[in-house]
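Since the structure comes first, as structure tokens, the remarks are kept for the end.
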Amino acid sequence: MGEFILETEGLTKEFRGFVAVQDVNLGIRRGSIHGLIGPNGAGKTTCFNLLTKFLIPTRGRITYDGRDITAMKPAEVARLGLVRSFQISAVFPHLSVLENVRMALQRARGGSFDFWRSERVLSVYEDRARELLDDVGLTDYIEVQAAQLPYGRKRALEIATTLAMDPVMMLLDEPTAGMTHEDVDRIVALVRRVAQGRTVLLVEHNLKVVEGLCDRITVLTRGQVLAEGDYAEVSRNPDVQAAYLGTDPASVGVPDSVLPGAAHG
């Protein structure tokens, strides 16, 4: 197995002449937590959608685990173990927490949801669903309708349904967006725990989360890679500081530590 589980070469996406992502080269190391950050409009979500095949690139190449997936469909790459969450919660609101995870486990089998199967067979899904819910701290919410969950718990449920697909690599789109500090701390601990034995790529606005979680960070601005490195490297990069503040940091005496408190949403 190579060092990089996910790579892009010259990844570009144009929308009727507007270049949203331009010549992005990424290398996501196997077993790492990699952050994708940048100011609003930097192209992070577009890049995420390209990697998970919800958008087709105008040009460029995407390789996952040594296999060219550029022309594949989202369901095909998910079956290879490349599974994503969404910025907007994608759970079934009128099913219980347990039913949501059990549905995801059944979906992982392929085209059949096995509704005709006996209770004995379906209990296999239920046992695993309970294990996953325990992993994400939702044991006390098993019978609660998903729509009734507090926001932070709903995001935890989405991570549980993502884990139900048995991902080799998880792509998390702003997992802490809109959360209270307590919920943020809970999700950070959860991501760190579920990352054991997996690769994680996350888009995240909360830079404290990025600092605490990510082994390596890629900074995008205007659809292009501006900088890459660990948090200490990118936080000291004057181009990165300028991109976040919209000015030349040297001209206003911005300290190197500006990024940890620069933005939280």
Gly178 among the small types (Gly, Ala, Ser) and more than 22 Å from Gly229 (Cβ to Cβ): yes
Among (1) hydrophobic (A, V, I, L, M, F, W, C); (2) within 16 Å of the chain's Cα centre (by Cα); (3) surrounded by fewer than 19 Cβ atoms within 10 Å (Cβ to Cβ); (4) farther than 30 Å from Gly10 by Cβ, the one test that Val144 misses: (2)
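Quick one: which of Thr58, Thr46 is of a type in the set (Ser, Thr, Tyr), over 18 Å from the mean Cα position of the chain (by Cα) and farther than 19 Å from Thr199 by Cα?
Thr58
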Qualifying residues in the range 27-46 (those that are assigned to a loop (DSSP other than H, G, I, E, B) and not small (Gly, Ala, Ser)) - the one surrounded by the fewest Cβ atoms within 10 Å (Cβ to Cβ): Asn40
Residues satisfying the stated conditions in the range 47-101, i.e. surrounded by fewer than 17 Cβ atoms within 10 Å (Cβ to Cβ) and within 16 Å of Thr8 (Cα to Cα): Phe54, Ile56, Thr58, Arg59, Arg61, Gly66, Arg67, Asp68, Ala71
Which numbered condition Gly178 fails, given (1) of a type in the set (Gly, Ala, Ser); (2) under 15 Å from the mean Cα position of the chain (by Cα); (3) not in a helix (DSSP H, G or I): (2)
Boolean, Ile33 is touching a Leu at 6+ places or on another chain (Cβ under 6 Å), assigned by TED's automatic domain parsing to the domain that holds Val240 and either among the aromatic types (Phe, Trp, Tyr) or closer than 27 Å to Ala195 by Cβ (or both): yes
Lys53 being at positive phi, among the basic types (Lys, Arg) and modelled with pLDDT under 95: yes
Residue within the range 213-226 that is touching a Ser or Thr at 6+ places or on another chain (Cβ under 9 Å), modelled with pLDDT of 90 or more, on the phi > 0 side of the Ramachandran plot and of a type outside the set (Lys, Arg) present: yes
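With respect to Val234, determine if the residue is under 13 Å from the mean Cα position of the chain (by Cα) and crowded, with 19+ Cβ neighbours inside 10 Å. Quick ask: steps written out before the conclusion?
Details: under 13 Å from the mean Cα position of the chain (by Cα): no; crowded, with 19+ Cβ neighbours inside 10 Å: yes.
Here the answer is no, as Val234 does not meet what is asked.
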Test set (1) of a type outside the set (Asp, Glu); (2) farther than 24 Å from Glu126 by Cα; (3) out of contact with any Leu (no Cβ under 6 Å at 6 or more places or on another chain) - Met165 fails condition number: (2)
Flag for Thr180 being in contact with a Lys or Arg (Cβ under 8 Å, 6 or more places away or on another chain), in contact (Cβ under 8 Å) with a residue 12 or more places away in the chain and of a type in the set (Val, Ile, Thr): no
Options Arg186, Arg193, Arg198: the member that is out of contact with any strand residue (DSSP E or B) (no Cβ under 9 Å at 6 or more places or on another chain), outside the structural domain of Asp127 (by TED's automatic domain parsing), surrounded by 18 or more Cβ atoms within 10 Å (Cβ to Cβ) and closer than 20 Å to Val136 by Cα: Arg186
Criterion violated by Ala160 - all others in (1) touching a strand residue (DSSP E or B) at 6+ places or on another chain (Cβ under 7 Å); (2) outside the structural domain of Ala243 (by TED's automatic domain parsing) satisfied: (1)
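The values are calculated or read from the model by the stated rules, or taken from the named source; none is laboratory data. If you're wondering where the values come from, they're calculated on a predicted model, not measured in any experiment. Methodologically, a virtual Cβ is constructed for each residue, glycine included, from the backbone with ideal geometry; neighbour enumeration extends over all protein chains shown.
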